[in-house]
Amino acid sequence: MITNNNNSKVYDIMASRQSRKILTGVLSAVETYKNADGVEHDCAVVFYDVFKVLIPLKNMNISREDKRVVRSMIGAEIDFIVKEIDETHKIAAASRTEAMELRKSLELKKHKVGNKIQVRVTSIGRDNCRVDCYGLETKVPIDEIDYGYIDDISKHVQIGDKVLAVIKELDLGKNIIKVSIKDAKEDPYGHLIGSLTKGGEYLCTVTGIQEYGVFFNIINGVSCLCPFPNWTNFSPNIGERYVVKIKAIDHKNKKIDGNIMRAINQNR
């Protein structure tokens, strides 16, 4: 018998088990759990008030049943539906897969291409972040996360963040969705690029370094690409400031090319 002590979250656990109520919590751990038969299962763990909710990897709706995948998701907000309850030990077994299927059927079907929706960041990689879009997960490429050059995705989104995104492609029958976080934001080029002048020299900050050049932020996410200068011991670092002279502005493709003129005191 469940003793609720007027705790609504205990009722939530009961409602989820009996009526498939979708619950939401933060993925806080990954553990190996041994059941009553002595069989070990790798599980994601959500602490839901007094209950420890265990979600076996096979019920996590992930690309492969690997603890490393779940480990990369720690801190993410996830949905789940309770399948079993052990009142004595305050443990519940749940399924994220079932919750996502239900969320998709109830909410995602209300939306179409071009709609702006709220998505949840569930993991971050080098070239993309993964988001949960009302029950369908998808990868958002680095160039669809924000405007300007991005060298580190974690500077723009974090695991557990809820952000707006625009649906670019949606096929519920094939479980396909593509979204852009960048398109849900105001395009800085629209009103700022007009304030820049070819031949003008601007104080800029290094945001990225590639073999083909150095990326700078000029103003509010507007980037400029410069070739490496033929200076002795030139070794730029992210965050350093330089004066950059704009040599070309491509309004159609929103690209700016420049030349590095000189370094600004890097100790400030």
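The values are calculated or read from the model by the stated rules, or taken from the named source; none is laboratory data. Keep in mind that what you see is a predicted model, and the values were worked out from it rather than measured. When we count neighbours, we look across all protein chains shown, and the Cβ atoms used for this are built from the backbone with ideal geometry, even at glycine. To get the accessible areas, we keep the full protein, side chains included, count just its heavy atoms, and leave off ligands, DNA and RNA. Shrake-Rupley method; radii C 1.70, N 1.55, O 1.52, S 1.80 Å.
Farthest toward the dipole's positive end in the chain, which of F47, G208, A184, given Cβ charges of +1 (Lys, Arg) and -1 (Asp, Glu) about the Cα centre?
Most positive-ward Cα: A184.
Given the Cα-Cα distance of L172 and Q18 and 0.36 nm per residue of separation, how much length would full extension add, in nm?
Separation in residues times 0.36 nm, less the Cα-Cα distance, equals 52.7 nm.
Tell me the carbon and sulfur percent of the accessible area for the range 66-210, rounded to whole percent, probe radius 1.4 Å.
47
Given labels modelled 7 Å from the Cα in the Cβ direction, how far is it in nm from K67 to K245?
Distance between label points: 5.9 nm.
May I have the convex hull volume per residue, in Å³, for the Cα set of the chain?
188
Can you give me the distance in nm between label points at K185 and F234, each placed 7 Å from the Cα along the Cα-to-Cβ direction?
Placing both labels 7 Å beyond Cα along the Cβ direction yields 2.8 nm.
Got a sec to turn the phi values of the range 103-109 into Karplus ³J(HN,Hα) couplings, 6.51 cos²θ - 1.76 cosθ + 1.60 with θ = phi - 60°, whole Hz, x for Gly and Pro?
Along the range 103-109, the couplings run 4, 4, 6, 8, 10, 5, 5 Hz.
Given charges of +1 on the Cβ of Lys and Arg and -1 on the Cβ of Asp and Glu, with all other atoms neutral, how large is the dipole of the chain about its Cα centre, in debye to the nearest 20?
Using Cβ point charges on Lys, Arg, Asp and Glu, the chain gives about 560 debye.
Normalised by the empirical 2.2 N^0.38 Å for globular proteins, what value does the Cα Rg of the range 111-268 take?
Against the compact-globule rule of thumb, the ratio is 1.19.
Counting other Cβ atoms within 10 Å of each Cβ, which GluC sites (Glu not before Pro) in the range 184-268 have at most 12 and sit in a DSSP loop?
In loop regions of the range 184-268 (DSSP not H, G, I, E or B), the sparsely surrounded GluC sites (Glu not before Pro) are E186, E211.
Starting from the Cα of F47, move 7 Å in the Cα-to-Cβ direction to define the label point; list residues of the range 125-162 whose amide nitrogen is under 20 Å from there.
159-161
What is the local net charge at F47, summed over the other residues whose Cβ is closer than 12 Å to its Cβ (Lys, Arg +1; Asp, Glu -1)?
+1
Hey, what's the per residue convex hull volume over the C-alpha atoms of the range 113-182, in cubic angstrom?
Once divided by residue count, the hull of the range 113-182 is 74 Å³.
Rounded to the nearest Å, what's the spacing between the alpha carbon centres of the range 44-114 and the range 213-268? Just the number, please.
Their Cα centres are 45 Å away from one another.
Counting C-alpha atoms alone, how compact is the range 18-149: give Rg to one decimal and Dmax as a whole number, in angstrom.
My reading of the Cα-based Rg and Dmax gives 15.9, 55 Å.
For the peptides 56-69, 26-39, what is the packing order when you average, over each peptide's residues, the other Cβ atoms within 10 Å and list the highest mean first?
56-69, 26-39
With a 1.4 Å probe and all protein chains in place, put R130, R103 in order of accessible area, largest first.
The ranking, largest first, comes out as R130, R103.
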